[in-house]
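Inspection log for the structure reproduced underneath, given as structure tokens.
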Amino acid sequence: MAVAVQQLKRVAGKNIVTPKGFKAVGIHCGLKHKKYDLAVLVSEVPASVAGVFTTNAMQAAPLIVTKEVVQQQKQMQAVIVNSGNANACTGKQGMLDALLMQEKTAEKFGISSSLVGVASTGVIGEKINMEPVLAGIEKLNPVDSLEGSIQFSQAILTTDTVTKNTAYRTEVDGKEVIVAGTAKGSGMIEPNMATMLGFITTDAAIESNHLQDALKAITDVTFNAITVDGDTSTNDMVLVLANGKAGNEPLHPDHPDWEAFIQALHTVSQDLAKMIAKDGEGATKLIEVEVSGAVTASEARKIAKTVVGSPLVKTAVFGCDANWGRVIAAIGYSGAAVNPNTITIKIGEHVVVTNGEPVVFSEELVMLYLKQPEVKIHVELNNGNGKGIAWGCDLTYDYVQINASYRS
């Protein structure tokens, strides 16, 4: 793993189209009043694909269509995305509309409809207005440029305040391999998996089964380690497309550069996950909770996510209140195995609990720390070797205001 870390370097430039052979664009078609609301991502050649999807039993038509492409074809060449309408809980007509988006996108780019994924995000329970969507598809002209990638990342947003992009390069078989990603997500973030839209591209050569295994393992410690409000949405997914244009020998777990690729995919996924948590609706702070000394890594992640997802912890951080009692209470109801008499808690570098008992600390200094845009809470359980991290955000007045008027 040390070699992989050494090789990995952040890339600035063209965001999601930085890997060879990808193009993207976003436009305003009319689902929203003014903002971009229709986008497409295209690979020059069919790409190996992996995907993770929401566990909500109410799954939107676009997600069902895309899941079938991932699981049956194991390849994808284009993804059509709209914002402003989720096309969720829309019955038979919703499925027909998603299939029509798939079909018209395939016709536009001269590829098989079985190689087209569909993603939608926005209001649930309203039939999508297909007239502007179909007209918009005809106007999509994806490009290999920063402008195209920025337009794509803007067109997939809903209540997000910023676009979310990241890219890294590494080496595989002595060849440069790029992994890049774009995501949206601000509210209804409780991935299991995956309550957001995330699109990751790479020019690495890798078969879909190995890519799927890698994405699933990485998802558990990145996208599944964030929470904004505890709600799991109906639509959302993370897709990885790998088109092989880098020219490396196909990657697999025994390949000498497998760990280099995994490090790149993990770092892109973690970057996007943290960006989503930081951009939670109305949020002012990113909260990171690190747990060590748990019985297992899974238990550590469970505790970390429980703490960062606690409304009382989130509001305490928003109010700059060093109320560690809310942290230890969340640890206690997480359902994980803990010993109350061995727990140590730190807020930033300030120890507030040792062996389950309060210690004297400066309220003023901790309050000053909690005013920072990023807040870290560390929990040491002294109960094993398991470690885990989760990310979330504070809970503010603006969150209530945004969600009280989401449809208006």
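When the helices of the chain are scored as -39500 (n - 2.57) per DSSP H run of n ≥ 4 and the total is divided over every residue, the value at 222 nm lands at -10000 deg cm²/dmol.
Packing-wise, with mean Cβ within 10 Å as the measure, how do 366-373, 178-185 rank, highest first?
Details: 366-373: 14.4, 178-185: 28.1.
Going by the mean number of other Cβ atoms within 10 Å, highest first, we get 178-185, 366-373.
Normalised by 2.2 N^0.38 Å, where N counts its residues, the alpha-carbon radius of gyration of the chain equals 1.00.
Simple spin-label estimate for Thr161 and Lys127 gives 3.8 nm between the two label positions (7 Å along the Cα-to-Cβ direction from each Cα).
Mean projected area of the Cα convex hull of the range 299-396, taken over all directions, amounts to 5.5 nm². The slack in the chain from Glu357 to Lys34, taken as 0.36 nm per residue of separation less the alpha-carbon distance, amounts to 110.8 nm.
A 1.4 Å probe run over the protein chains yields, for the range 112-153, 42 Å² of accessible area per residue, whole-number rounding.
Please list the helices of the chain that count as membrane-span-like by this rule: a mean Kyte-Doolittle hydropathy of at least -1.0 together with Cα atoms stretching 24 Å or more along the helix axis, each helix being a complete DSSP H run. Correct list, ordered by number: 91-109, 258-278.
Given +1 on the Cβ of Lys and Arg, -1 on the Cβ of Asp and Glu, and no further charges, what dipole in debye does the chain carry about its Cα centre, rounded to the nearest 20? Provide the component values of the computation, followed by the final result.
Numbers: 34 positive and 42 negative charges, 121 e Å.
My answer is approximately 580 debye.
DSSP beta bridges in the range 1-155, what fraction antiparallel, as a percent rounded to 5?
Details: 15 of 23 bridges.
Of the beta bridges lying entirely in the range 1-155, close to 65 percent run antiparallel.
Give the Kirkwood hydrodynamic radius (Å, one decimal) of the range 115-173, defined as one over the mean of 1/r across all pairs of different Cα atoms. After inverting the pairwise mean of 1/r, the radius is 14.6 Å.
Amide H to amide H, with H built 1.01 Å from N, Leu251 comes under 5 Å of Ala205, Ile206, Glu207, counting only residues 5 or more places away or on other chains. For the range 68-193, the fraction of alpha-carbon pairs lying more than 18 Å apart is 62 percent, rounded to a whole number.
Note on Lys175/Val143: beta-carbon distance plugged into 1/(1 + (r/R0)^6) with R0 of 22 Å gives a FRET efficiency of 0.35.
Tell me the relative contact order for the chain as a rounded percent, counting alpha carbon contacts under 8 Å between residues six or more apart.
With pairs under 8 Å counted, the relative contact order is 18 percent.
Cross-link pairs exceeding 26 Å in C-alpha to C-alpha distance, out of Lys67/Lys387; Lys20/Lys302; Lys175/Lys278; Lys67/Lys92; Lys184/Lys376, comprise Lys67/Lys387; Lys20/Lys302; Lys175/Lys278. When the chain is treated as a GNM with alpha-carbon contacts under 10 Å, the residue of Ala273, Ala214, Ala57 showing the greatest mean-square fluctuation is Ala57.
The values are calculated or read from the model by the stated rules, or taken from the named source; none is laboratory data. The model shown is predicted, which means the values in this text are computed figures rather than measured ones. Neighbour counts run over all protein chains shown; Cβ positions are idealised from the backbone, glycine included. Surface areas here come from the heavy atoms of the whole protein model, side chains and all, with no ligands, DNA or RNA. Shrake-Rupley method; radii C 1.70, N 1.55, O 1.52, S 1.80 Å.
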